[in-house]
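Let me begin by presenting the structure, written as structure tokens, before commenting on it.
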Amino acid sequence: MRQLLWVTLATSVLFCLWLPSARAVDSEAPFSNPQLQQRYEGLIHDFRCLVCFDESIANSDADLAADFRHQVHQMVADGKSDQEIKTFMIKRYGDFILYQPPLQPSTWVLWGGPFVLLVIGLVTLIFILRRRARMHNVEGDNA
Amino acid sequence: MKRSLFYLLPILVLGVLIALFWRGLYLNPRILPSPLIGNAVPTFNLPELRHPDSPLTQQILIGHVSLVNVWGTWCYACREEQQTLMAFSRQNVVPIYGWDYKDDRQAALAWLAQRGDPYTAVAFDASGDAAINWGVYGAPETFLIDARGIIRYKYIGPLTPDVIQNDLLPRIQALQHEGT
């Protein structure tokens, strides 16, 4: 029984280690300048593939992702800055093209919501704990 | 009093969440609003599908209200749409320009010969690079362009007689009135 558990665990770990190599979809020729290559690779992780929403264009083998990678590659080669490339894509496809939504009024709830919930949870917890402590004290007094 | 309010809070939060998720069920996340609406059509210079020697530019879209329909022979939904477009083009309401997206010229010509050709002109965008400037991310997509060459509306997905009647036609007629 225990052995089975270990085998399962080991396989899962191996599988996770193997996963990153599964993304060999990029067919763009690498830049000879490693700095440009690094910027290019960073950028393609920032854009969403619009036909397969939950993948970046770096990880998707969709046709559209290949077109987007080509576009980004071209713009990096043309000497465009990261910001210029992002603005270019946002102007055509909207904020949704960014894998990480920008912080702006329409996304405040998205970014802040979890923290608000956390605070509500903490306040509730403190409230309940305090009341329990108080009830214990009252019981103690009675005894 | 204060305590009952406190117990009500989780139920209230749950209620709000249910309402939001319920609404979310009926939204189509595949349809992205185009940020290009209200902007001039992007510049392009592409060969005409049937007359490769005569290039098409954004100039053809200026001076009249028109539709630009993005399609491709690889696109399954475009088959159904083609029949709707054929019927609509016979009504001669607006010129319909085709944008043959990521396609093969021979296949596209065969498609039009076989199924009918509703297009006034067809821009042939074999690589799909020019379509990026239009914010195209699939086919079919249809843009409504006013007489000044401004993108006024975008419909994502196949046009049906119902969509033409209820979504497109009223907008087209309003724009045509605007022009006169």
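Net charge dipole, the range A:2-102: roughly 240 debye, given to the nearest 20, about the Cα centre with Cβ charges of +1 for Lys and Arg and -1 for Asp and Glu.
Using only the Cα atoms of the protein assembly as shown, what semi-axes does the equivalent ellipsoid have when each is the square root of 5 times a gyration tensor eigenvalue? Give whole Å, largest first.
Values: eigenvalues 494, 172, 78 Å².
Square roots of five times the eigenvalues give 50, 29, 20 Å.
Stretching residue B:104 away from residue B:79 to a fully extended chain increases their span by 7.4 nm, per 0.36 nm per residue minus the current alpha-carbon distance. Here the calculated FRET efficiency for residue B:169 and residue A:37, from their Cβ-Cβ distance with R0 = 51 Å, stands at 0.50, rounded to the nearest 0.05.
For a quick check: sort B:6, B:143 by the number of other beta carbons within 10 angstrom, fewest at the front.
Working: B:6 12, B:143 24.
The order, fewest Cβ neighbours first, is B:6, B:143.
What size of dipole, in debye to the nearest 20, comes out for the range B:92-153 about its Cα centre when the only charges are +1 on Lys and Arg C-beta atoms and -1 on Asp and Glu C-beta atoms? Walk me through the numbers before you get to the answer.
On the way: 5 positive and 8 negative charges, 33 e Å.
Dipole magnitude for the range B:92-153 comes out near 160 debye.
Maximal additional length on extending the residue B:28-residue B:45 stretch stands at 2.8 nm, based on 0.36 nm per residue less the C-alpha distance. Other protein chain C-beta atoms within 10 Å of residue C-beta, averaged over A:87-94: 5. Residues considered: B:141, B:48, B:80. Largest GNM mean-square fluctuation over chain B, using C-alpha springs under 10 Å, is found at B:80.
Spacing of the modelled spin labels on residue A:116 and residue B:57, each 7 Å from Cα toward Cβ, amounts to 5.1 nm. Under the simplified labelling scheme, the residue B:3-residue A:106 pair shows an inter-label distance of 4.6 nm, with each label point 7 Å from Cα along Cα→Cβ.
By the count of other C-beta atoms within 10 Å, a proxy for reagent exposure, B:155, B:119, B:76, A:99 are ordered fewest to most as B:76, A:99, B:155, B:119. Our helix-only sum for chain B, with -39,500 (n - 2.57) per DSSP H run of n ≥ 4 divided by its residues, gives a mean residue ellipticity at 222 nm of -11500 deg cm²/dmol.
Straight-line reach from residue B:154: taking Cα to Cα under 15 Å and skipping same-chain neighbours fewer than 8 places apart, the aspartates and glutamates in range are B:141, B:146, B:167.
With a 10 Å cut-off between alpha carbons and a GNM built on chain B, which of B:50, B:105, B:30 moves the most? Fluctuation is largest for B:30. Among rounded, prolate and oblate, which fits the range B:37-179 when a ≥ b ≥ c are the square roots of the eigenvalues of its C-alpha gyration tensor, a/c under 1.5 means rounded, and a/b larger than b/c means prolate? Taking the square roots of the gyration eigenvalues as a ≥ b ≥ c, the range B:37-179 is oblate. Modelled this way, with points 7 Å down the Cα-to-C-beta line, the labels at residue B:114 and residue A:87 are 4.7 nm from one another.
Going from the fewest other Cβ atoms within 10 Å to the most, the residues A:56, B:127 appear in the order B:127, A:56.
Apply 1/(1 + (r/R0)^6) to the Cβ-Cβ distance of residue B:129 and residue B:21, taking R0 = 35 Å, and write down the FRET efficiency to the nearest 0.05.
For residue B:129 and residue B:21, the calculated efficiency is 0.35.
Farthest towards the positive end of the charge dipole of the protein assembly as shown, among the residues B:156, A:98, B:61, is the Cα of A:98, using unit charges on the Cβ of Lys, Arg, Asp and Glu.
Values in this text are rule-based calculations from the coordinates and carry no lab data. Predicted model, so just to flag it, every value in this text is computed and none were measured. As a convention, Cβ positions derive from the backbone with ideal geometry for all residues, glycine included, and neighbour counts pool all protein chains shown.
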